[in-house]
1. Would you tell me the mean number of C-beta atoms belonging to other protein chains that fall within 10 Å of each C-beta in A:31-44, as a whole number?
2. Report the charge-dipole magnitude of chain B in Debye, nearest 20, computed about the Cα centre from +1 at each Lys and Arg Cβ and -1 at each Asp and Glu Cβ.
3. Hey, got the average number of other protein chain Cβ atoms within 10 angstrom for residues in B:86-93?
4. Using only Cα atoms, find the angle between the long axis of helix B:6-61 and the longest principal axis of chain B, and express it within 0 to 90 degrees, rounded to the nearest 10.
5. For region A:38-166, state the semi-axes of the equivalent ellipsoid (square roots of 5 times the eigenvalues of the alpha-carbon gyration tensor), sorted largest first and rounded to whole angstrom.
6. I need the calculated FRET efficiency for the pair A:D60 and B:A153, taking r as the beta carbon distance and R₀ as 60 Å, to the nearest 0.05.
7. For region A:57-124, just say rounded, prolate or oblate: build the C-alpha gyration tensor, square-root its eigenvalues into a ≥ b ≥ c, call rounded for a/c under 1.5, and beyond that prolate if a/b exceeds b/c, oblate if not.
8. Once fully extended, how much extra length lies between A:R171 and A:L141, figured as 0.36 nm per residue of separation less the alpha-carbon to alpha-carbon distance?
Amino acid sequence: MVALLVLAAVAQRANAQADAPTADQVKAAYLQKFTGYVDWPPKAFADPAAPLVIGVVGADSVFAELSRLVLGRTAQGRTIAVRRLPAAAPVPDVHVVFIGREIGAEATAALLAAYRGRPVLTVTDQPRGLALGAMLNFVELERRVRFEAAPALADIGGLRLSSRLLAVAERIWGGLP
Amino acid sequence: MTGPSLRGQMTRASMVTTLLALLLSCGALLVYEFLSFRDVWVADLRTQADLIAHSSEAAVVFNDPKAARENLAVLKLRPHVRAAAIFLADGRRFAAFAADNAAVVPSRADTRLLAEGSRFAGPTIEISYPIEHEGELVGSVYMAAEHDVWTRAQSYATILVAVTLASLAFAYFVFGRLQGAITEPLARMTRVARNVMERRDWSLRAPDSNNRDLSVLVQSFNGMLAEVESRTGELEREMVVRQQAEAELRAVDRKKDEFLATLAHELRNPLAPMTNAVALVRRPELDDVSREKAIGILDRQLHHMVRLIDDLLDVSRIATGKLSLHMENVDLVATLRAALELAEPAARARRLQVTSRLPEAPCPIVGDSARLLQVFSNLLNNACRYTPPGGRVEVETRIAEDSVEVIVRDTGVGVEPAMQGRIFDLFEQADKSLERGNAGLGIGLTLARQLVQLHGGDIGVASEGIGRGSAFTVRLPRSRAAAEPVAPSAPAAAAGPDAMRIVIADDNVDFAESLQVILGMHGHDVTVLHDGEAALARMRQHPPDLAVLDIGMPGLNGYEVARRLRADPSTASLVLIAVTGWGQAADKQAAADAGFDRHLVKPLSPDTLLEVIAALRPGSGRPAAAPPADPPRQRP
């Protein structure tokens, strides 16, 4: 039975990979998977049953892909919810914020500054995202989507990045907390 | 006997058992070791795989093959791991590790291995370990290692073989010591059994054992041996006794045959001269001298036959225990004189010189005078018979404190030493050829010895050999109670005849008439009647002085005649003598009850009757009250 399930899963994935995933699809998947390597403080959730909310600013294709991807998935025992967020001001009760590349460096830096100190994992897709104040930032190397991390910034927000996540990060910025 | 010994069989059985037990335990140990060692290997590899899976999860999730390779590279510290790989969930290889160039890393995941977890293939163990992220299978870790399970199993097997051999050797040694306690008693018993059968020696015994069961076995075995020994001994003893008895029976049977032949001969011997004499007497022209000679022949031969038959009867009575002695005080000297007197005619006939050295004083002893007279006259008769004419016969007495010896010595044929012990046995005769020339059955000495022994004495013979004469010694005990005056022994000679009127009543005509002749020759007036009625009538008419009555008579029997005579005053004082063939004590008592003065048993010699008549002569002091004892039987 287990073997059949595994076979089915492998077959599904094989189909998915058949047409090579786009960069946005990979980013959406990474966003979803990041939730498994980050520890939020308990106060970040209103109650134990509260869902883990991923907010997306801009990046419509990533939002669309992510919305499809989280269906039926959980992170740290919580259901995952995906919301569109405004670029103007921070919103409460959100745990991951992804700011699309089209938002622009200044606006991104401002928004990051607004979220600073809050238990929110901030992820950008800018060439200097970490310098703007993001905790994680997507980079593309040799046509592969990679990411870099600033665990010290995450620490300021009360988050803790897993060492395993850091082990596969392309670059650690700002030293370890 | 072939086949394995008990000891060998027991040793073999125990060795086989021990070996099987050891092999079984070794096999179980080996299998257990193999399985547990393999499990340890699997567990060890899985731990390693778990570590790699955990650390490589992020690398797989975030598609970082480099990090995954670095994670796998730590395996180079594990020399047993030959190859390793990380596969993605779709089966594609994500990262690989090879210990050296020879190692082969599969390019795709083996889904079956992933389901099984681990697989042994020869010297290689392969495991596959899942990589999961948030409960989702994202890939798998594959590892291939060279295990040394077989090497280890071989080492184990070598050790176990060595241990098994050592255990077997030890078991053999220990069992050898232990089984000695069991097989050794059995072996000893077997040896004893074999010796018993080979030597037929039932006295052998198996040594006892400490073992309880074996002890029972040994004791039973010994018990059986003892039983066989005692029964065999009994059988052997019984056989000897039976053989002796059989030999004795044969000897006695042979002697009886000889005796019967002799008896027939002896009984027949006198008949020829008697027949001749009777024929002579019948002839009317015979002169007185010849007639006297013929009658003398008849008389001698008759006496001889009577003696033979008397001896026979006496021997038979002694043999059946019916002979009893009338013990009284007897003067031995007087008895010897009587015997000498009786032997005198024979001695004279053979011109023998008979001398006697007897004491003047009486020699009182306790005995049956008639039987003693029989013994001595027997010895004297023998002496006369076996001594050639012109020889000498001597009689001598030796009186001691408590016994008296009578020695009868002759110069006759003698007795050879070998015969001296047997001469007194029944039917034994010293020399058959010599015996044929003389009269005799060979029972005289037997009778003499038995009579002497009945008196508590014994008799012996001494002879220097054939032709050197012999000496018979009779030793009789003397008791102090006997040293008192002795009733005069019955003399051989009867008192002179004084005429008496005598009636004889007997239905045996010959007997009655022969008595009439004899009593008539002694001057008595004798009347003969043949039945009781006639006798009674005759005696009532003419009362006699004395009546000799038979008991069994036609008409009136003797008892009735006596009772009626006693009842009649005219005949009440008659002297009555019963003469009958019945001699039991009850018969004597019946006679006394009927009124008889005397009871005489047939055969009756005329001398005895004359003696009794003389003793009972009316007016000679006839005892009236108790019936007097029988007078001694006079031997011719």
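The values are calculated or read from the model by the stated rules, or taken from the named source; none is laboratory data. Source: prediction; values computed, not measured. With ideal geometry, Cβ positions are generated from the backbone for all residues, glycine too; neighbour counts draw on all protein chains shown. Surface areas here come from the heavy atoms of the whole protein model, side chains and all, with no ligands, DNA or RNA. Shrake-Rupley method; radii C 1.70, N 1.55, O 1.52, S 1.80 Å.
1. Averaged over the peptide's residues, the number is 2.
2. It works out to roughly 1240 debye.
3. 4
4. For helix B:6-61, the angle is close to 20 degrees.
5. 21, 17, 16
6. Plugging the Cβ-Cβ distance into 1/(1 + (r/R0)^6) gives 0.35.
7. Oblate.
8. 9.6 nm
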